[in-house]
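Heads up, the thing below is written out as structure tokens.
The values are calculated or read from the model by the stated rules, or taken from the named source; none is laboratory data. This one's a predicted model, so the numbers in the text were calculated from it and none came from an experiment. Note that each Cβ is placed from the backbone with ideal geometry, even for glycine, and that neighbours are counted across all protein chains shown.
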Amino acid sequence: MSYPTQVLKAGENFAGCPGIRRAAESLRAGELVAIPTETVYGLAANALDEQAVGRIFAVKGRPADNPLIVHISEMAELEKLTMRVPESALRLAKRYWPGPLTMVLPSREDVVPSLTRAGLSTVAVRMPAHPVARALIAAAGLPLAAPSANLSGKPSPTTAAHCFADLNGLIPFILDGGPCGVGVESTVVDMTGETPRLLRPGAVTPEMIKDELGELILDPAIYSEPDPQSPVASPGMRHKHYAPKAKVAILKGDWQSCKAFMALKKTQGAMALVFEEELSGCPLPALSLGPQAEPETHARALFACLRELDERGAERVYARCPQSDGMGLAVYNRLIRAAGFEEITVDS
Ligand code: AMP
Ligand code: MG
């Protein structure tokens, strides 16, 4: 089906905003709406309607083995979706919800359609903090499945314009709530085992989770390419992600060594992704992720930078390596996937 995709402004009075009312009606009718959240824009549908969820997979071209996150606005909804909620999960919810934290829990398989869970016995649940997302979930009266509102494999959208670029003609509405505050997808933690396991890093950092629960296993898929032969805890880790058209490589080494390396790579289509302080001395045309000491700024800028590299016709991109702790870990996790796991050590 083809639509004249409309971009609706989500106004200040969220609950009474006509855009939210129309979006909620569409969702109740089984249609898809792109919505702002504090992480990235989501492509939302009624999580309990198998047909509506099927449309998400079709529109995004998302592999059917990659389960969706279900977004709720109240704790009471969590009980409806899950078999049991361990005490540790309740503690994380109390501390970090609403917010950029997703928890994988045993699913009520009679309530959450198999397609939403990609056939798993677990369901991933998040309570977003963005006022538009919350108002919309409440207005629709539905839990919303909402993966990032991009075509599968592309960088996630952090503005309504990014959603429009990918989904124009494919969905009826995009709700514009301005640029996303966090800029990378939520932290995903599997709470079904003895010890919580971090499947995807995000703005709720490993340090923050350990501060509440004392322990956390970091899944190896966070840093490294999953072995295609072995099972992965989070199926989404297996797929190519966030990639611009250009071939990206992460440079490992200090700025002097990166600069020397880049100076040897000056060809048509070669570009760099660097920290703000390095822009003026960079041997290649470059975009900035923000000041080196600000990983939160890098997170907000990353996906827009990857899209802009495409617009500028980049063919080969050399990126500075983000920090590997705190919010930096989330940025590194996305960039290493955008780079297809290509890292070049440039220290002499
Ligand atoms: P996205 O919706 O594109 O932000 O991706 C959702 C992420 O959550 C993917 O990496 C999924 O693999 C992961 N995820 C969703 N549901 C589950 C689940 N039941 N078990 C493990 N990982 C999940
Ligand atoms: Mg995604």
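Of the residues G169, G181, the single one that is of a type outside the set (A, V, I, L, M) and on the phi > 0 side of the Ramachandran plot is G169. Between V111, V70, V40, V59, the distinction of being more than 18 Å from P128 (Cβ to Cβ) and within 16 Å of ligand 2 (Cβ to nearest atom) belongs to V59 only.
Scanning the stretch 138-162 for residues that are more than 14 Å from ligand 1 (Cβ to nearest atom) and touching a residue at least 40 places away in the same chain (Cβ under 8 Å), we see that the one that is surrounded by the fewest Cβ atoms within 10 Å (Cβ to Cβ) is G141. For M83, are the conditions met, namely being closer than 28 Å to K210 by Cα, at pLDDT 95 or above, surrounded by fewer than 17 Cβ atoms within 10 Å (Cβ to Cβ) and away from ligand 1 (no atom under 16 Å from the Cβ)? Judged against the criteria, M83 is not a match. Taking the criterion of being within 16 Å of ligand 2 (Cβ to nearest atom) and either modelled with pLDDT under 95 or among the charged types (D, E, K, R) (or both), would at least one residue in the stretch 303-310 satisfy it? Within the stretch 303-310, one or more residues are within 16 Å of ligand 2 (Cβ to nearest atom) and either modelled with pLDDT under 95 or among the charged types (D, E, K, R) (or both).
Table: residues versus (1) surrounded by fewer than 16 Cβ atoms within 10 Å (Cβ to Cβ); (2) over 20 Å from R334 (Cα atoms).
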residue: T267; (1), (2): yes, yes
residue: A272; (1), (2): no, no
residue: L287; (1), (2): no, no
residue: A293; (1), (2): yes, no
residue: T297; (1), (2): no, no
residue: L306; (1), (2): no, no
residue: L309; (1), (2): no, no
residue: V317; (1), (2): no, no
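Might you let me know whether the stretch 187-207 holds any residue that is closer than 21 Å to N66 by Cβ, acidic (D, E), modelled with pLDDT of 95 or more and within 16 Å of ligand 2 (Cβ to nearest atom)? No: the stretch 187-207 contains no residue that is closer than 21 Å to N66 by Cβ, acidic (D, E), modelled with pLDDT of 95 or more and within 16 Å of ligand 2 (Cβ to nearest atom). Taking the criterion of being in contact with a Gly (Cβ under 8 Å, 6 or more places away or on another chain), farther than 19 Å from M127 by Cα and surrounded by 15 or more Cβ atoms within 10 Å (Cβ to Cβ), the only residue of the stretch 56-77 that qualifies is N66.
Selection of the stretch 101-123 for residues being within 11 Å of ligand 1 (Cβ to nearest atom), touching a residue at least 40 places away in the same chain (Cβ under 8 Å) and not in a strand (DSSP E or B) yields V112, T116, R117, A118, G119, L120. Taken over the stretch 250-260, the criterion of being closer than 28 Å to K154 by Cβ and either out of contact with any strand residue (DSSP E or B) (no Cβ under 8 Å at 6 or more places or on another chain) or buried (at least 19 other Cβ atoms within 10 Å of the Cβ) (or both) is satisfied by I250, L251, C258. Report the residue count in the stretch 16-55 for those that are surrounded by fewer than 18 Cβ atoms within 10 Å (Cβ to Cβ) and at pLDDT below 95. So the count comes out to 4.
Of all residues in the stretch 115-150, those that are in contact with a helix residue (DSSP H, G or I) (Cβ under 9 Å, 6 or more places away or on another chain), among the polar types (S, T, N, Q) and within 20 Å of V189 (Cα to Cα) total 2.
Of the candidates A89, A64, A76, A93, the single residue that is hydrophobic (A, V, I, L, M, F, W, C) and without any contact (Cβ under 8 Å) to a residue 12 or more places away in the chain is A76. At least 3 residues being of a type outside the set (D, E, K, R) and either more than 17 Å from the chain's Cα centre (by Cα) or more than 30 Å from K9 (Cα to Cα) (or both) is the threshold, and among the strands (runs of 3 or more DSSP E) wholly inside the stretch 176-263 those reaching it are 247-252.
Would a scan of the stretch 277-297 turn up a residue that is of a type in the set (A, V, I, L, M, F, W, C) and in contact with a Ser or Thr (Cβ under 6 Å, 6 or more places away or on another chain)? There is at least one residue in the stretch 277-297 that is of a type in the set (A, V, I, L, M, F, W, C) and in contact with a Ser or Thr (Cβ under 6 Å, 6 or more places away or on another chain). Taking the criterion of being among the polar types (S, T, N, Q) and away from ligand 2 (no atom under 16 Å from the Cβ), the residues of the stretch 114-166 that qualify are S114, S121, T122.
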